[in-house]
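No lab work stands behind these numbers, since they all come straight from the coordinates. Just so you know, these numbers come straight off a predicted model, no measurement behind them. Quick reminder, even Gly has a Cβ in these numbers, built from the backbone with ideal geometry, and neighbours come from all protein chains shown.
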Amino acid sequence: METLRKSVAAGAAISIGATIYLVSESKLAGALLFTIGLFVICSFGMNLFTGKIGYVLENRNRPNCLVIWLGNFLGCILSSSLIRLAKPSLQEIAGKLVEAKLGLPWYSVLILGFFCGILMYLAVENFRSSTNDFGKIIGLFLCVSVFILCGFEHSIADMSYCVFGISSFRELPAILLFLLAVSAANALGSLAVRFLTVQREKKK
């Protein structure tokens, strides 16, 4: 329950970041301010799927990533639904974004999700290991804003966009398949860069 509670909170934090991105007239400003979600998550020890999955194979840090994913999803559904209720104009903005995402070829979804996973792992690992407080923060802002500006796919942010943008329950199967594909690609990217960096450290 503790894992689930922290995961729901993380989903809510990402929903706030997604809202900032959708309402921002400047894409750059939206990308930078979206980072508030990951900043809150890292600062308060919440559980984010894309921040935990890179460590899942290590005995010393084996979070229940399935529970975290479900908790993130629940947090996104609850928070984004409430925000959409208060700001119905978000449906039109997010709807166009979701339509474009669902129209991507499957290989594009996997590639874009893979590279987002790499950047998310680097952001979290830098926050965990850096001894410089400024370095921790700038790492978050650089990695998150870069993956947004590059158009990489982040599974938890996409959950929020889909809740904001869904117009019919008939879209649910396509949305769920898309989210699962992005989640798998995020995981592969995180695990790949974790493996490569750990191997490099061992050689040293």
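For a quick protection proxy, order the peptides 52-58, 118-124, 40-46 by their average other-Cβ count within 10 Å, most packed first.
Details: 52-58: 19.6, 118-124: 24.6, 40-46: 17.7.
In decreasing order of mean packing, 52-58, 118-124, 40-46 become 118-124, 52-58, 40-46.
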The chain - Rg over Rh from alpha carbon coordinates, Kirkwood radius: 0.96
Karplus-derived 3J(HN,Hα), 6.51/-1.76/1.60, for each residue of segment 98-107, Hz, glycine and proline x: 5, 4, 5, 5, 5, x, 5, x, 4, 5
Spin-label model distance (nm) - THR3 vs SER130, 7 Å beyond Cα toward Cβ: 2.9
Virtual spin-label span in nm between LYS27 and LEU78, 7 Å along Cα→Cβ: 3.4
Vicinal HN-Hα couplings computed from phi for segment 48-58 (Karplus, 6.51 cos²θ - 1.76 cosθ + 1.60; Hz; Gly/Pro x): 10, 3, 6, x, 9, 4, x, 9, 5, 8, 8
Degrees, to the nearest 10: 65-86 long Cα axis against longest axis of the chain: 40
Geometric extent, Cα atoms of segment 15-58 - Rg, Dmax (angstrom): 12.6, 42
Under the Karplus curve 6.51 cos²θ - 1.76 cosθ + 1.60, θ = phi - 60°, whole-Hz ³J(HN,Hα) for segment 137-143, x wherever Gly or Pro sits: 6, 5, x, 4, 5, 5, 5
Among TYR107, TYR161, TYR21, residue whose mean-square fluctuation peaks in a GNM of the chain (springs only between Cα atoms under 10 Å): TYR107
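Show me the three semi-axes of the equivalent ellipsoid for segment 105-185, from the C-alpha gyration tensor (sqrt of 5 times each eigenvalue), largest first, rounded to whole Å.
Values: eigenvalues 163, 33, 19 Å².
Computed over segment 105-185, the values are 29, 13, 10 Å.
So if I average 1/r over every pair of distinct C-alpha atoms in segment 19-86 and take the inverse, what Kirkwood radius in Å does that give?
Values: mean 1/r = 0.0731 Å⁻¹.
About 13.7 Å for segment 19-86.
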